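Have a look at the structure below before the remarks.
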Amino acid sequence: MNYIVKIILIVSLLSIVACKSNDKETVSVVEEKDLDLQMIDAYKEGLEFLEGGFPLDAAKKFNEAEIIYPQSIWAPRSSLMSAYSYYYGNFYLDAIDELQRFIKIYPNNDRVNFAYYLLAMSYYEQITDETKDLGAILDAQKYFTYVIKKYPNSDYAQDCEFKLELINEILASKELYLAKYYIEREKWIPAINRFKIIVEKYDTTIYVEEAIHRLVEIHYKLGLIEESKKYAKLLGYNYQSSDWYRQSYKVFNKDYKKVSKREKNKNKLSTLEKIKSLLRNEK
């Protein structure tokens, strides 16, 4: 009899434990649903703030959504939307901080390629003048290059390539600015070095023609005629129809300008004679 009682007690205890376990699971599910709803509400408020033109409030709401339920699949999305809100509002330093945090916490997220692209854009948007600090330019260049190499088939790679071309133009213009600064102070060697950087590193930019011409000019001025001719040939081979080539041609042919004027006058006289002849024939 005692044996049967013991069995009954054991079964009863197991039933009680099972019920408690089910109660906990039920509570857990309810709590998760409640957190999920709170998170979605915060996320929606963030979108409303963003659409209403209040990016700072939006960023705070998206951060709140992430904090409410950090285990949710919405958490990384909220973090990224917070970063975008800062970027949208021109708060680039805040956007950079948020994006770096996102990349650190969610490195395997399927939107991490966009995070790197937005990070590059946050630096790029801070570029104001080629004469200013290079920090933002170089950081933007680094992350655009990273996106192209790491995610070559992404939607952002093509725009990154375009932005890199613009950055090269900016960097080349900075070298040109510094070279001219040295020319004004008759510091020929530093000027030559800056022009050479443009020719060697930024040969696809609009500044390369002028850089080659200046190398022709400076070397000729210093009496390095053969070196000057070398750059003149380079300019003629690649840009024979450009104004900078004509400028370089004048360095070696001092009468070029006079001849050109004389030829122009001849052409004008010839045209006038033709017009007069036609008028006479009409009479």
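Points worth noting:
- Candidates Tyr181, Tyr156, filtered to the one that is in contact (Cβ under 8 Å) with a residue 12 or more places away in the chain and of a type in the set (Ser, Thr, Tyr): Tyr156
- Qualifying residue in the stretch 88-109 (condition: without any contact (Cβ under 8 Å) to a residue 40 or more places away in the chain, out of contact with any His (no Cβ under 7 Å at 6 or more places or on another chain), of a type in the set (Val, Ile, Thr) and not in a helix (DSSP H, G or I)): no
- Filtering the stretch 175-191 to residues that are surrounded by fewer than 20 Cβ atoms within 10 Å (Cβ to Cβ), among the hydrophobic types (A, V, I, L, M, F, W, C) and out of contact with any Lys or Arg (no Cβ under 6 Å at 6 or more places or on another chain) leaves Ile183, Trp188, Ile189.
- Checking each residue of the stretch 136-144 against the condition of being surrounded by fewer than 18 Cβ atoms within 10 Å (Cβ to Cβ) and in contact (Cβ under 8 Å) with a residue 24 or more places away in the chain gives no match.
Every number in this text was worked out from the coordinates using simple rules, so none of it is lab data. These figures come from a predicted structure and were not determined experimentally. Heads up, the Cβs are rebuilt from the backbone with ideal geometry, glycines too, and the neighbour counts pull from every protein chain shown.
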